[in-house]
1. Only one of LEU300, LEU307, LEU370 is farther than 30 Å from ALA102 by Cα, in the same structural domain as ALA98 (by the TED database) and more than 60 Å from the chain's Cα centre (by Cα). Can you tell me which?
2. Could you count how many residues in segment 459-498 are β-branched (Val, Ile, Thr) and more than 16 Å from VAL748 (Cα to Cα)?
3. Would segment 420-443 turn up any residue that is more than 25 Å from LYS476 (Cβ to Cβ), in the same structural domain as ARG769 (by the TED database), at pLDDT 75 or above and open to solvent by 90 Å² or more (accessible area, probe 1.4 Å)?
4. How do the pairs read when you match residues in segment 220-233 that are open to solvent by less than 70 Å² (accessible area, probe 1.4 Å) with residues anywhere that are outside any helix (DSSP H, G or I) and aromatic (Phe, Trp, Tyr), using Cβ under 9 Å and keeping only pairs 6 or more apart or on different chains?
5. I want to confirm something. Restricting to segment 346-387 and keeping residues that are over 25 Å from LEU296 (Cα atoms) and open to solvent by 100 Å² or more (accessible area, probe 1.4 Å), which single residue is modelled with the highest pLDDT?
6. Do we have any residue at all in segment 527-534 that's of a type in the set (Gly, Ala, Ser), at pLDDT 90 or above and touching a Lys or Arg at 6+ places or on another chain (Cβ under 7 Å)?
7. For GLY520, state whether it is within 30 Å of the chain's Cα centre (by Cα), assigned by the TED database to the domain that holds ILE750 and not basic (Lys, Arg).
8. Which residues, counting only those in segment 328-338, are open to solvent by 80 Å² or more (accessible area, probe 1.4 Å) and modelled with pLDDT under 70?
Amino acid sequence: MASRNQNRAPRSPFTKKSSADEVPVDKRRRIETRKTDAQGSMGRPRPPLSVRQEAAPTSDIGSTEGSECASVEFTKEEVEALLNEKLKVKKFDHKGKADQLADYTKRLKLCIKWFQQVEEGHLLEEEKLRNALSSAEQKCTDTEVEMKNKVDELNATSSKLREDIATLERKLQRKNQRSCHRREKGARDAAEKLQASLSVELEKVREEKLVAEQRVASSEDLYNRAQEYNKSLQQYNSKLQSDLETTTESLKRVEDEKRTVVETLSNSRGHNKALQDQLTSLKASLDDALKQKESLVNELKCLRGELQQVRDDRVRHVREIQDLKDEVVKYKEYTGKSCAELDTLTRKSKAVEERCSSQRMQIDTLKHELEAANEKLKMADLSASETRTEFEENKRIVRELQDRLAEAELQILEGENLRKKLHNTILELKGNIRVFCRVRPLLPDDGNTTEAPVISYPTTTETLGRGIDLVQSGQKYPFTFDKVFHHETSQQDVFVEISQLVQSALDGYKVCIFAYGQTGSGKTYTMMGRPDAPEQKGLIPRSLEQIFQASQSLQAQGWKYRMQASMLEIYNENIRDLLCTSRSSGADLSRTENGVCGKQYTIKHDANGNTHVSDLTIVDVCSIKEISSLLQQAGNSRSVGKTQMNEQSSRSHFVFTLRISGMNENTEQQVQGVLNLIDLAGSERLSRSGATGERLKETQAINKSLSSLSDVIFSLAKKEDHVPFRNSKLTYLLQPCLGGDSKTLMVVNISPDASSVGESLCSLRFAARVNACEIGIPRRQTTTTRPPSDSRLSYG
């Protein structure tokens, strides 16, 4: 067994760690212990096995058997000593003999279990080596195929460049033959320049070819080293097989020794039978003692009953004496009977008193007997009280651990909140657009739900709660955003993450939150939800509830707020007022291109970076009920339609704006904040939506505006001087949110359906570009004078 531990696996050419580091720590400790034992056994005789196991108390044989089997190891000398060991006890010391037999049986069990564990260790190590060998061979074959493919690609590129040079030379010759004498010199110069440039490109290609050949040589060298490593692993496997054969032979010898041990155990069973007879006699005596205890308890109950009966008799006699005394008084007062009768009554009373004194003596004796019985009961209940105290102590320890766990969870929650605040502060300083990603659950209409999921969530510390992986055609695309919500996330959980951003609008900042994604990915559900169900309310109603609740709580500090709301939609590149009183339902989309109010709405920007929409309906709101009715009116007026991808598809971009003006009467400070909540129309492909006629025109307008939004994001990401905000009314309306000093958040919605993986990948790539844009540091809008009432609404 020492030779098996000395056979080390050869060092892999693909790793820099030594093979000794791959051996588990507990296994290395066992190997070192075995080596020291082998060195010590050569210089001096090995002590018996019982001496090595003195540290383990014999009273815990049943409870610590599994742990001792995992820590005790045996050598050949110890096994022989264990088998040849003889019991040394006195002739009639049956208890000592039983203890020694139990200890001897325990050590035999440990030895047998140790042999089984050694055999299992050999099998596991052989399986690990086979797996490592197969993985190394697979890696070598993959590397060889990849290098061959690269060499073929470089050869094809080189041959193509040579053909291009030959064609260019032929063209140059033709031009020289056909050109006239006047243009001959200019054409020759141009051809020489072209030839020089082509020669430079040829040199570059040759250099790339040299680099590729060097890579191929290094790959071949790596392949040769892998083959050598494979051969060494095969040699190591053969050594392990030889070790396994020797181990099986030793195991056979151990089984023979086990048979001898079984024979000795059969001899010891006779001794155990005698001890069991003694044990049965002791149990019988114990049962007699328990029966005596029960009889004493019954006698005690009888004595208590007799004592109670004596007390009742005494009380009854006292009452009779009192009655007799009363009768004596009555006889003296009214009848005046003779003294003889009085003497008889006195004798009766004395007899009753003597009887009471005798009963008192009986009561005293019964009390002494009761005290003795109580002492016996206390001695019997002593063990139960100790068990109860131990249970209370364990219960106290569990309570303390639960308190510590609660404190730790509270600290983790506080740390998470602090991390979110610091993360928001960092993003504000960077000026980046924050991006959240939300995945809707699978629906019954999504088709086959038994396929492998195309969306997964990494569990590493860096990407937990922020990462998402998308699989398309077997290739994984990882993305990381500020927050990722899986399909089981509730509306409340999503709102908790943006609540601080909504609060910033009340503090005087410009805030913009918009939902982006393909048709049917859950944008409208995220923004609006279902207002009639409290648990399914979207971000817009929850944000407005928070705004009104916070404004009411700030009234105690002297703040007064004025709030103005407006709602519009951009349908076919035209602005429609959703709060116009003459506006009809959104189902009728063919009334007019500029809305049924018959007004021309224009977008204007002022010098302060604020945006105004002319002739737009603006409503002063004072409660959440007014906002809810306005949202219901706007929802009924919004343009929706049916497509093959969605039963109720939004056919326009919905923009809700709340302008907040606040003044503190104590400090005379004024703030002006703007909250923009936008539900964009979903991008869709004509091949999947099946749009025709009016729906086709709507789809083209939606895709054009979203394409303009993509162009604006690309320009911002590249930090170009000109950003095409005017290419679409949507981008022109959102110019302060995308290129100004606003706090902007985009919620990208993803469908988990496998048929929508292409659109989901495009949405995630667009969201990653948006997250990388820098739009400037948010600026708080404060003034020192009361702002005049204005009928226009700012979209800054």
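1. On the way: LEU300 fails: in the same structural domain as ALA98 (by the TED database); LEU307 fails: in the same structural domain as ALA98 (by the TED database).
One residue alone meets the criteria, LEU370.
2. Step one: list which residues in segment 459-498 are β-branched (Val, Ile, Thr), which gives 459-461, 463, 468, 471, 480, 484, 489, 494, 496, 498.
Pick out the ones that are also more than 16 Å from VAL748 (Cα to Cα) and you get 459-461, 463, 471, 496.
Summing the residues that are β-branched (Val, Ile, Thr) and more than 16 Å from VAL748 (Cα to Cα) in segment 459-498 gives 6.
3. No, because not a single residue in segment 420-443 is more than 25 Å from LYS476 (Cβ to Cβ), in the same structural domain as ARG769 (by the TED database), at pLDDT 75 or above and open to solvent by 90 Å² or more (accessible area, probe 1.4 Å).
4. Filtered contacts from segment 220-233: LEU222/PHE14; ALA226/PHE14; TYR229/PHE14.
5. So, considering only residues that are over 25 Å from LEU296 (Cα atoms) and open to solvent by 100 Å² or more (accessible area, probe 1.4 Å), the one modelled with the highest pLDDT is GLU354.
6. Kept after step one, since they are of a type in the set (Gly, Ala, Ser), are these residues of segment 527-534: 529, 533.
Retained after the next criterion (residues that are at pLDDT 90 or above): none.
For segment 527-534, residues of a type in the set (Gly, Ala, Ser), at pLDDT 90 or above and touching a Lys or Arg at 6+ places or on another chain (Cβ under 7 Å): absent.
7. On the way: within 30 Å of the chain's Cα centre (by Cα): yes; assigned by the TED database to the domain that holds ILE750: yes; not basic (Lys, Arg): yes.
Criteria met by GLY520.
8. Looking only at segment 328-338, we keep the residues that are open to solvent by 80 Å² or more (accessible area, probe 1.4 Å), and these are 330-334, 337.
Hits for segment 328-338 are TYR331, LYS332, TYR334, LYS337.
The values are calculated or read from the model by the stated rules, or taken from the named source; none is laboratory data. Small disclaimer: the values here were computed from a predicted structure and weren't measured. In this analysis, Cβ positions are derived from the backbone assuming ideal geometry, glycine residues included, and neighbour counts consider all displayed protein chains. We work out accessible area using only protein heavy atoms, side chains counted, and drop any ligands, DNA or RNA first. Shrake-Rupley method; radii C 1.70, N 1.55, O 1.52, S 1.80 Å.
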